[in-house]
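*Asks:* To start, I am sharing the structure in question, which I have written as structure tokens.
The values are calculated or read from the model by the stated rules, or taken from the named source; none is laboratory data. Please read these numbers as outputs of a predicted model, since none were measured by experiment. Positions of Cβ are backbone-derived with ideal geometry, glycine not excepted, and every protein chain shown enters the neighbour counts. These accessible areas exclude ligands, DNA and RNA; they are computed on the full protein's heavy atoms, side chains included. Shrake-Rupley method; radii C 1.70, N 1.55, O 1.52, S 1.80 Å.
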Amino acid sequence: MSSAPSRVRSGSGAPAGAVEAQAADGAGRPRGAGPPPGGGALVTGASSGIGAAVARRLAAEGGWRLVLNGRDRTRLEEVARGTSAVAYPADLCGPGAERRLAEFALNSVGPVDLLVAGAGVGWAGPFATMPHPAIDEVFDVNVLATVHLVRWLLPHMVARGTGRVVIVGSLAGTVGVREEAAYSAAKAALGAFAEAVRYELRGTGVGITHVVPGVVDTPFFDRRGVPYRRSRPRPVPASRVADAIWEAVAHGRDEVYVPGWTRLPGRVRGAAPGLYRRLAARFG
């Protein structure tokens with residue numbers, strides 16, 4: 001793992017624990033409507049793709065104190081320079097990596113009002129030939145790193161009675177995608193995790209958003225080993241997902257599909273699973 005950067009400002013996180021929610025915060029904003037502007041924000045997977053687009057979107061809104069995490073130091077520092085953010089290049093799969101990132105963020109920007117968990121890796125090919133280390137990496141990066149990071153930061157949000165966690169999922173986790181079995185399972189786990197934690201957060205003033213992108217024009221497909229070759233659906237730009245994330249944060253939305261029509265396959269699968277499976281087998 002890369003060592004943490006030295007630019008650290010003094011600050012402290014709130015103690016762990018829950019507090020009863022009031023009808024509104026001190027500024028009169030409804031509880032759960034989203035963190036107040038100008039707070040601390042941590043974005044993972046910010047080296048490129050959706051994470052980098054989110055970092056730029058938050059910077060464009062102004063006032064946010066940003067910490068960006070990613071594994072590609074060069075790309076991450078380039079994004080950070082363009083957003084006046086603090087870069088923390090590190091692989092979150094190492095022992096204790098999530099705790100160190102959480103502590104760094106709290107010390108750098110003070111309370112973290114917003115966590116956008118966008119780190120992820122994929123793998124494409126028949127599951128029967130998928131290397132065992134690749135299975136571990138898909139779940140370590142997509143699921144375990146995110147779950148542990150949320151675990152470190154969530155008590156601070158709950159104790160303060162405000163904050164929002166954004167989990168970047170995938171349509172693959174909603175319906176399952178052929179030759180992406182492990183990735184689909186990992187993203188499905190994130191969706192279930194977000195749903196379960198949402199029930200626990202009721203009345204705390206803290207919200208959790210599950211963002212479900214379809215095909216996005218990012219380096220993700222090249223890095224998974226198989227480029228995207230389908231003519232449909234056409235990939236959407238990462239900036240579109242970032243805009244949807246910002247709107248979800250600003251308005252306290254629980255679940256967002258990008259583009260909106262991608263909600264339909266899951267509904268068809270739920271209402272008519274046999275028909276959906278026949279269509280999926282034929283058209284992929």
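*Asks:* Just to be sure I understand, how many residues within the range 208-224 are open to solvent by 10 Å² or more (accessible area, probe 1.4 Å) and either at pLDDT 95 or above or part of a loop (DSSP other than H, G, I, E, B) (or both)?
*Replies:* 6
*Asks:* Which of the residues spanning the range 248-278 are assigned to a helix (DSSP H, G or I) and surrounded by 14 or more Cβ atoms within 10 Å (Cβ to Cβ)?
*Replies:* Hits for the range 248-278 are 248, 249, 250, 262, 263, 265, 266, 268, 269, 276.
*Asks:* Let me ask something else about it. Within the range 95-109, does at least one residue satisfy the condition of being at pLDDT below 95, open to solvent by 30 Å² or more (accessible area, probe 1.4 Å) and under 17 Å from the mean Cα position of the chain (by Cα)?
*Replies:* no
Residues checked against (1) touching a Cys at 6+ places or on another chain (Cβ under 9 Å); (2) open to solvent by 20 Å² or more (accessible area, probe 1.4 Å):
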| residue | (1), (2) |
| --- | --- |
| 91 | no, yes |
| 122 | no, no |
| 125 | no, no |
| 144 | yes, yes |
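*Asks:* If residue 131 meets every condition in (1) within 21 Å of residue 256 (Cα to Cα); (2) free of Cβ contacts under 8 Å to residues at least 24 places away in the same chain apart from one, which number is that one?
*Replies:* All conditions pass for residue 131, except number (1).
*Asks:* Shifting gears a bit: Being within 23 Å of residue 55 (Cβ to Cβ) and not aliphatic (A, V, I, L, M) is the filter; apply it to the range 114-139 and report the residue that is nearest to the chain's Cα centre (by Cα).
*Replies:* Looking at the filtered set, the residue picked out is 118.
*Asks:* A further question on this structure: Cβ-Cβ under 8 Å, sequence separation 6+ or interchain: first residue in the range 74-95 and farther than 22 Å from residue 61 by Cα, partner open to solvent by less than 20 Å² (accessible area, probe 1.4 Å) and of a type in the set (Val, Ile, Thr). Which pairs?
*Replies:* 92/44; 92/141; 93/141
*Asks:* Shifting gears a bit: What about residue 144, is it farther than 14 Å from residue 116 by Cα, within 18 Å of the chain's Cα centre (by Cα), of a type in the set (A, V, I, L, M, F, W, C) and part of a helix (DSSP H, G or I)?
*Replies:* So residue 144 fits the description; yes.
*Asks:* Out of the residues in the range 131-142 meeting the condition of being open to solvent by less than 20 Å² (accessible area, probe 1.4 Å) and out of contact with any helix residue (DSSP H, G or I) (no Cβ under 6 Å at 6 or more places or on another chain), tell me which one is nearest to residue 84 (Cα to Cα). Steps first, answer last, please.
*Replies:* Taking the range 131-142 and keeping what is open to solvent by less than 20 Å² (accessible area, probe 1.4 Å), we get 134, 138, 141-142.
Right, trim to out of contact with any helix residue (DSSP H, G or I) (no Cβ under 6 Å at 6 or more places or on another chain) and you get 134, 141.
Values: 134: 34, 141: 26 Å.
So the residue we want is 141.
*Asks:* Could you pull out the residue among 154, 171 that is closer than 24 Å to residue 206 by Cβ and open to solvent by 10 Å² or more (accessible area, probe 1.4 Å)?
*Replies:* 154
*Asks:* Here is a follow-up. If a residue has to be open to solvent by 10 Å² or more (accessible area, probe 1.4 Å) and closer than 24 Å to residue 140 by Cα to count, how many in the range 42-70 make the cut?
*Replies:* Residues meeting the conditions: 6.
*Asks:* Test of understanding: among 178, 164, which residue is open to solvent by less than 40 Å² (accessible area, probe 1.4 Å), within 27 Å of residue 259 (Cβ to Cβ) and among the charged types (D, E, K, R)?
*Replies:* Exactly one residue qualifies, and that residue is 164.
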